[in-house]
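Novice: Following this message is one structure expressed as structure tokens.
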Amino acid sequence: MQSLENCPRCGELFVKSLRPVCNKCHKEVEDMFQKVYTFIRKRENRQAKMNEVVEGTGVPEEDITRFIKEGRLHLSRFPNLAYACESCGSPIREGRLCASCKKSIDSGLQAQEQEREREKKAEEERKRHQTYYSMDNRMN
């Protein structure tokens, strides 16, 4: 469905349909992609690191990272190209988090799950030993 929106890159009003940016910005993004792709395809640049690609092309690191995350650049062909983990900033080649941050999150979730289980067992134990008293309303 088409809607009238402001372009998130330049602020111009455009009809949003297939692209999230206006036609002018889309052309700029495509030009940046071609510049990066042409640069790293050259034999002498295939071993380039992220900062070398940024210096060689003038394209911001955020845009190059977006090209990688969108699947437009395949890192299997470029062994030294990496981007920052969203949590700690260490270099990664896939996903959003490094192995260390994933492990930390997983262990935190496991600890939380174990705590829930412990609380559930304690509640069940408390209910099992609960004594009910009834009062006899008859008068002797």
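Read-outs: derived from the displayed coordinates by stated rules, not from any lab. The shown structure was predicted, so the numbers you read here are calculated from the model rather than taken from an experiment. All Cβ positions, glycine included, derive from the backbone under ideal geometry; neighbour counts span all protein chains shown.
Novice: Using just the helices of the chain, give the 222 nm mean residue ellipticity in deg cm²/dmol: DSSP H runs with n ≥ 4 each add -39,500 (n - 2.57), and the total is spread over all residues, rounded to 500.
Specialist: Helix contribution divided over all residues of the chain: -15500 deg cm²/dmol.
Novice: Comparing Ile92, Ile40, Ile105, which has the greatest mean-square fluctuation in the GNM of the chain with Cα pairs linked when under 10 Å apart?
Specialist: In the Gaussian network model the winner is Ile105.
Novice: Oh, and also: I want to verify a result. In a Gaussian network model of the chain, Cα cutoff 10 Å, which of these has the top mean-square fluctuation: Glu115, Glu123, Glu94?
Specialist: Largest GNM mean-square fluctuation: Glu123.
Novice: Go through [x] 20.1; [y] 15.9; [z] 15.3 and flag the label whose value is the computed Kirkwood radius over Cα pairs in Å for this structure.
Specialist: [x]
Novice: Could I have the simple spin-label model distance between Glu5 and Arg46, label points 7 Å from Cα toward Cβ, reported in nm to one decimal?
Specialist: 3.9
Novice: Relative contact order, percent, of the chain when contacts are C-alpha pairs under 8 Å separated by at least 6 residues?
Specialist: Relative contact order, the chain: 11 percent.
Novice: Positive end of the dipole of segment 23-121, charges at C-beta (+1 Lys, Arg; -1 Asp, Glu), about the Cα centre: which of Gly108, Val53, Gly71 has its Cα farthest in that direction?
Specialist: Of the candidates, Gly71 comes out farthest on the positive side.
Novice: Under the 0.36 nm per residue contour assumption, what length would be gained going from the current alpha-carbon distance of Glu12 and Arg126 to full extension?
Specialist: 34.7 nm
Novice: Please identify the helices of the chain, taking whole runs of DSSP H, that span at least 18 Å along their own axis as judged from the Cα atoms and have a mean Kyte-Doolittle score of -1.0 or higher.
Specialist: Flagged H segments are 23-41.
Novice: For Lys35, which lysines qualify as cross-link partners when the Cα separation must be under 20 Å and same-chain residues fewer than eight apart are set aside?
Specialist: Once the sequence-local lysines are set aside, what remains near Lys35 is Lys24, Lys27, Lys49, Lys69.
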